[in-house]
1. Could you do me a favour and compute the accessible area per residue for segment 7-126, 1.4 Å probe, result in Å²?
2. What list of ³J(HN,Hα) couplings, whole Hz, do you get for segment 51-56 from phi and the Karplus terms 6.51, -1.76, 1.60, once you set θ to phi - 60° and write x for glycine and proline?
3. Kindly provide the GluC sites (Glu not before Pro) of segment 1-67 that DSSP labels as loop, not H, G, I, E or B, and whose Cβ sees at most 12 other Cβ atoms within 10 Å.
4. Can you compute 3J(HN,Hα) from phi for each residue in segment 19-31, using the Karplus curve 6.51 cos²θ - 1.76 cosθ + 1.60 with θ = phi - 60°, rounded to whole Hz and x for Gly and Pro?
5. Accessible area of segment 1-51 with a 1.4 Å probe: how many percent of it is carbon plus sulfur?
6. To the nearest 10 degrees, how steeply does helix 97-115 sit against the main Cα axis of the chain, on a 0 to 90 scale?
7. Below 8 Å, C-alpha to C-alpha, sequence gap of six or more: please give me the relative contact order for the chain in percent.
Amino acid sequence: MGTILTLHLQERILQDGDAIASIYRSLGTAAADQVITRALGELALVLAGLASQIRNHELQSTDRQLQKLRVMAENLGMKSLEGAAADARHCLQRGDGTAFAAIWARILRIARRSLNPDPEFADGSM
């Protein structure tokens with residue numbers, strides 16, 4: 001019998017702080033807070049809708065919703081989420097269900113960490 005190893009995921013979440021800083025510079029603190037809060041809420045709703053579609057195997061508008069997620073993530077400087085959404089679209093367009101499932105799991109991990117960061121998140125990945 002061989003040794004069983006447990007692999008621990010060590011995925012860094014990449015953020016572009018310049019995107020958020022630009023919003024604050026152009027709108028001011030109060031307005032930027034509102035815009036960013038609303039954008040993060042909309043991003044969470046898109047993710048929830050995608051999760052429901054995927055869970056129910058209703059993939060007809062998934063490509064469009066992944067593109068919407070990619071653009072929203074780009075606008076908020078969420079580089080990891082943006083890249084994962086683009087990768088998921090590519091797998092979906094190729095019809096690669098196995099790769100799509102793996103990348104969808106990656107999207108959920110990234111979103112969970114990006115939208116609910118733990119105190120230890122300040123690991124230099126921003």
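The values are calculated or read from the model by the stated rules, or taken from the named source; none is laboratory data. Being a predicted model, the structure only gives us computed values, none of them experimental. Heads up, the Cβs are rebuilt from the backbone with ideal geometry, glycines too, and the neighbour counts pull from every protein chain shown. Keep in mind that these areas ignore ligands, DNA and RNA; they rest on the heavy atoms of the full protein, side chains included. Shrake-Rupley method; radii C 1.70, N 1.55, O 1.52, S 1.80 Å.
1. 61 Å²
2. Here the 3J(HN,Hα) series is 4, 5, 4, 5, 4, 8 Hz.
3. Glu11, Glu58
4. Couplings: 5, 5, 4, 5, 4, 5, 5, 7, 10, x, 4, 4, 5 Hz.
5. 60 percent
6. Its long axis makes an angle of about 40 degrees.
7. 31 percent
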